[in-house]
Every structure is written in C-alpha cells, then in structure tokens.
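A.B. asks: Let me begin by handing over the structure; questions about it come next.
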Amino acid sequence: MSSDAIRAVVKEHGRLSVDINTLADDADLYAAGMTSHASVNLMLALEDRFEVEFPERMLRRRAFESIAAIKAAIDELTGKSPA
Amino acid sequence: MSACRVLADGERTNVKKDGVDGTGLRDELVAKATKIGAEFAAPNADAVDREARFPIEAIDALRKEKMLSVFVPKDLGGLGCSVSDLSAICYTLGLSCSATAMVYAMHQIQAACIVRHGHSSPYFQQYMRDMVAKQTLIASATSEVGVGGDVRTSICAVETTGSAFKLEKNAPVISYGEHADDILATARRAPDAAANDQVSVLVRRDASTLERTGGWDTLGMRGTCSNGYKLKSAGNTEQILPTPYSEISSNTMLPVSHIVWTSLWLGIATDAVNRARQFIRGEARKKPGHVPPGALRLAEAMNHLQTMRATVHDGVHEYERLIDDPDALTGIGFAIKMNMLKVSASQLAVEITSEALSICGMAGYKSDSKFSIGRHVRDAYGAMLMINNDRILAANAQLLLIHKDA
C-alpha cells in the first residue's frame, strides 16, 4: 500500500490542524490535531477505501498514530510484507 | 470481589494480589472508612447537603488516618493499595455521605494519575512523599469554559519561558477548589499546540489564585462545592506530568474516575435500599403473618442493586486485568466498557433510589425521617449528569461503528 493513498484518506478524514504534506510518515497524527472522534471516522474510511476490517487487536491508539503505522496495519491485513 | 489476576509488577501498578497473599490491607482500609463514615460523615451528611458546605469533619478524619495517601506506592511511603481497594473505600464512604465519598474519589483520581504517570519524575516522587507526610488534598480542573464539555480539548495553554511556566484557565467547575491543597489541571502543551495536544499540570495553591466565577447551589451532590473559577498559576515545568494527557486519560483518569464514581454511587444506592429494608421490616413487625405490600418492590430493588454491584465489580476487574498493558488500555473495546460502566451504574442508581423512595412512601419523602430518601435520589441524578450520559452514549455509538467484538 502506498503512503500516498493513505495520506489522501487521512487528509480527508483525519481533521488535522496542520497540512498533511508537512508531516513525515512517522509524525504523530494525534499531536497534529487528530481527535479520537476523527480517528474513528478515519478507521471507517480506511476500511472502506482498502477493503479491510481492522480486528479488535488493532483498534488501539498506536495502530493509527502515524501514516507509517496505518500502512503497516493495512499491509498486514492485505498480506503484504511490511515495507 | 473476585481475586484479581496476579500481574508481574504488582507493587508498581498497585494491583492487589487479592486472595493470593492476603495482606488484609483491604479489610483494614474498609474498617477505617466504616469508622470515619459512622463517626464523622453520616452525622454531618444532612447538614453538608442542606448548607451545601464542604464535609470538613470527614475529610479531616480521613487525613488523620492517612487515608489520602493510600494509593501512593510503598517505596514512597504510601500503602500501595489497588484500584479495587479504592473502590471499596469509596463505596463504604458513599454509604454515609455522598459529598465525602465524591471528594475522596476525585482526590484519588488525581493521586492515581500522579502515581501511574509521575513515578519516573524526581519532582513527582518527592511530591508523593509529601502527599503521605502532609495528606495533601488534590482537586481537578479538567473542564473549561468554551470547549462544550469536551475535556479532551483545551483552549488554555501552558506558556513556558525557560523552565518557568504560566497557566490561566477559566474553569466552569473545580470541585472543592477552595479546600484543596493543589489542583491538577489540563491545558494545551504550548500556545501553538493543537486543541487535543494536552498535558496535566500540577498547579500549586501557594503559587496560584482562584477567582470565583460561579456558585454551586444544586439539586444534589451539594457538598462537593464545585464552584467555577478563573485559575491563574505559575511554577516550574517539572510540575507538568511527563506523559501526554491523551495517555493519562485513557490509561488512568477515565477508567479510575468511572470506577470510583460508580463505587460511591453503589454506596448511595445501597444505603437507600437499606433504609427501605428497615422500613419494610418495621411494617412486617406491626402485622406478623402479613407480607407488607412494599416487600415485593423491595425484592425488585434488591435485584437492581445486585445488577449494579456486579456491573461495578466487573468494571474494576476489567481494569485491573489490563492495568499493566498500556496499549490495551487505549483500545476501543476497553473505552466502550468503561463508558458502559458509567452509564449503566448511574442509571441504576437513579432507578434504585427511586424504588427505595416509593417503598418508604411519605416516610421516605420527608426530610426529617430516618427513612428519608430525598438526598439519595437527588445525589443519584447527579450521577447521570456529571459527564452527561447522553454524551457518553453518543461516544459509544460512534466507537461501536468500528468495534468488532460483542
């Protein structure tokens, strides 16, 4: 999964207080203004966009804290080896 | 209460090895709370409620018995008690005086945040030692005027210059603020930080001012003296807890709040049912051989009380099961459970106290009767409204969209 595809979903649903293009892949999205409310909307949008279902064990703060963390989670669910 | 799972680092995380090494600490703490409840909290409960005044007698007695520092770890001079011990104490105090129990509960929520998130900081280690020596009472300033009740966002920000900080917060409520030694306040990390990028700051009363902006003349929970204040404070940045508030909230403040609150509400509901039982017993004695009509309602109220007790104990058990797994504590499943605990227990508290009132009838409706239930009913409504259940249900409604397990 490309980081750019994830970035597009985060940009639309993460409700960040900064421009996502200024953030590195490992930047903390919560520190960039993503609320827990927005993070749930982001999870729903990611499930829809990438046709995955995040299992219970992934529904934790850390799994969605950065672009890189989201990419790792989606890669794991779609059977791709971590980049 | 069932035996808690034994975890590797029980001392640091204050998980009681309940039923394993049987320290008897719980019994000792509950015995002290029972005595203070009977001698200081219960005799003043009506006056505290009527006059909406701080329950000074009971809080002083708790101080004398060193009950304010029971959660401080043993290596810092405290007793290193568990969250289930706190639950048992709050329940016991709730049987006598809701205001005493709520002040104690709110203090222990702040203490738990400091113990669990300040233990790596030399400043907070010393502060915890002082909590034992001085029996410091800590208040909380989480809500803020203008954030619409969302405590996970702040408008105010910590302004730092070198190692010094300044903080000004317009707080709609600071429970027992004028009676507290110190206040744990949330704020944005810095003036340019996002609204949800918060920290917890230990505001020292000797370096702050409280300008009262609102009163506390309420239906119930009148003795918590939860006035509104403009808080102005200054100090050193070492007073900021090293962990971000987002983590403090999910790992400690929210679960411990819901546990100690629901425990004291269980105490209020139990006392109401105890009064109803006494009333029915009196009726039965007047006419031996006849079951009083209210006895059926009492059986029903007992059912609800048992449901409430099980709900509270399950919440405590779930938290202690995960307490050493900070990652799991940020999970959506855990958040949903802790939210349900608060909503269920507060609804049951209203239901049970109302049932007790209808069982006692006019004797319960009157304020000068030993069967009076008025205070219990009024206090129980506060349970549903402090962090409104509708807000919590709405949060769960959203979380359930993504949550997978039942």
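A.B. asks: Residues of region B:272-292 with backbone nitrogen within less than 17 Å of a virtual label 7 Å along the Cα-to-Cβ line of B:SER369, please, listed as ranges.
C.D. replies: Hits in region B:272-292 for B:SER369 at 17 Å: B:272-287, B:292.
A.B. asks: Using a simple spin-label model with points 7 Å from Cα along the Cα→Cβ vector, what separation in nm is obtained for B:ASP405 and B:GLU51?
C.D. replies: It is 5.0 nm.
A.B. asks: Cut-off 10 angstrom, C-alpha nodes, Gaussian network model of chain B. Which of B:LYS286, B:LYS370, B:LYS66 fluctuates the most?
C.D. replies: Greatest mean-square fluctuation among the candidates belongs to B:LYS286.
A.B. asks: Let me ask something additional. Under a crude label model (7 Å from the Cα following the beta-carbon direction), how far is B:GLU300 from B:ALA207 in nanometres?
C.D. replies: Label at B:GLU300, label at B:ALA207, 5.7 nm between them.
A.B. asks: With a ≥ b ≥ c the root eigenvalues of the C-alpha gyration tensor of the protein assembly as shown, is it rounded (a/c under 1.5), prolate (a/b larger than b/c) or oblate?
C.D. replies: Note, shape of the protein assembly as shown comes out prolate.
A.B. asks: Another question about this same structure. Could you work out the helix-only [θ] at 222 nm for chain B, with each DSSP H run of four or more residues adding -39,500 (n - 2.57) and the total divided by the number of residues, to the nearest 500 deg cm²/dmol?
C.D. replies: Helices in chain B give a 222 nm mean residue ellipticity of -16500 deg cm²/dmol.
A.B. asks: Report, to the nearest 10°, how far helix A:67-77 tilts away from the longest principal axis of the Cα atoms in chain A, using its own Cα long axis and a range of 0 to 90°.
C.D. replies: 20
A.B. asks: Tell me which of B:GLN135, B:HIS403, B:THR34 sits at the most positive position along the dipole axis of chain B, charges placed on C-beta atoms (Lys, Arg +1; Asp, Glu -1).
C.D. replies: B:THR34
A.B. asks: Another one. Have a look at B:LEU76, B:LEU93, B:LEU137 and tell me which one the Gaussian network model of chain B (Cα, springs below 10 Å) gives the largest fluctuation.
C.D. replies: Judging by the Gaussian network model, the answer is B:LEU76.
A.B. asks: Another one. Counting other C-beta atoms within 10 Å, and keeping those with at most 15, which DSSP coil GluC sites (Glu not before Pro) do you find in region A:18-83?
C.D. replies: For GluC sites (Glu not before Pro) across region A:18-83 that sit outside H, G, I, E and B with at most 15 neighbouring Cβ atoms in 10 Å, the list reads A:GLU51, A:GLU53.
A.B. asks: Between B:LYS230 and B:LYS286, what is the FRET efficiency for a Förster distance of 41 Å, r being their Cβ-Cβ separation, to the nearest 0.05?
C.D. replies: Working from the Cβ atoms, E equals 0.10.
A.B. asks: Once you order the gyration tensor axes a ≥ b ≥ c over the Cα atoms, which shape class does region A:42-83 get: rounded for a/c under 1.5, otherwise prolate or oblate by comparing a/b with b/c?
C.D. replies: Rounded, since a/c falls under 1.5.
A.B. asks: Per DSSP H run of n ≥ 4, the term is -39500 (n - 2.57); total these for chain A, divide by its residue number, and report the mean residue ellipticity at 222 nm rounded to 500 deg cm²/dmol.
C.D. replies: The helix-only estimate for chain A comes to -14000 deg cm²/dmol at 222 nm.
A.B. asks: Mind pulling the angle between the C-alpha long axis of helix A:3-13 and the longest principal axis of chain A? Nearest 10 degrees, somewhere in 0 to 90.
C.D. replies: 60
A.B. asks: Along the Cα→Cβ direction, 7 angstrom out, place labels at B:ARG277 and B:HIS119. What is the inter-label distance in nm?
C.D. replies: Roughly 3.8 nm, to one decimal.
A.B. asks: Dipole size in debye (nearest 20) for the protein assembly as shown around its Cα centre, Lys and Arg Cβ +1, Asp and Glu Cβ -1?
C.D. replies: It comes to approximately 1560 debye.
A.B. asks: Once you keep just the Cα pairs under 8 angstrom separated by 6 or more residues, what percentage relative contact order results for chain B?
C.D. replies: Worked out over chain B, it gives 16 percent.
A.B. asks: Sequence gap at least 6, Cα distance under 8 Å: using those rules, report the relative contact order of region B:267-356 to the nearest whole percent.
C.D. replies: 46
A.B. asks: Still on this structure: Percent relative contact order of chain A, based on C-alpha pairs within less than 8 angstrom and at least six residues apart?
C.D. replies: Reported as a whole number, the value is 35 percent.
A.B. asks: Using the Cα gyration tensor of region B:240-288, with a ≥ b ≥ c the square roots of its eigenvalues, what is the shape: rounded (a/c below 1.5), prolate (a/b larger than b/c) or oblate (neither)?
C.D. replies: prolate
A.B. asks: Right, here's the next one. Calculate how steeply helix B:374-385 sits against the longest principal axis of the alpha-carbon atoms of chain B, using the helix alpha-carbon long axis, and give the answer as 0 to 90 degrees to the nearest 10.
C.D. replies: 40
A.B. asks: Which value results when the Cα radius of gyration for chain B is divided by 2.2 N^0.38 Å?
C.D. replies: Output field value: 0.98.
A.B. asks: Return the single residue from A:ARG49, A:ARG60, A:ARG15 with maximal mean-square fluctuation; model: Gaussian network over chain A, springs between Cα atoms under 10 Å.
C.D. replies: A:ARG60
A.B. asks: Run the paramagnetic zone check for A:SER3: 7 angstrom along Cα to Cβ, then residues of region A:55-78 with backbone nitrogen under 20 Å.
C.D. replies: A:62-78
No lab work stands behind these numbers, since they all come straight from the coordinates. In this text, all values refer to a predicted model and were calculated from it rather than measured experimentally. Note: ideal-geometry Cβ built from the backbone for every residue, glycine included; neighbour counts use all protein chains shown.
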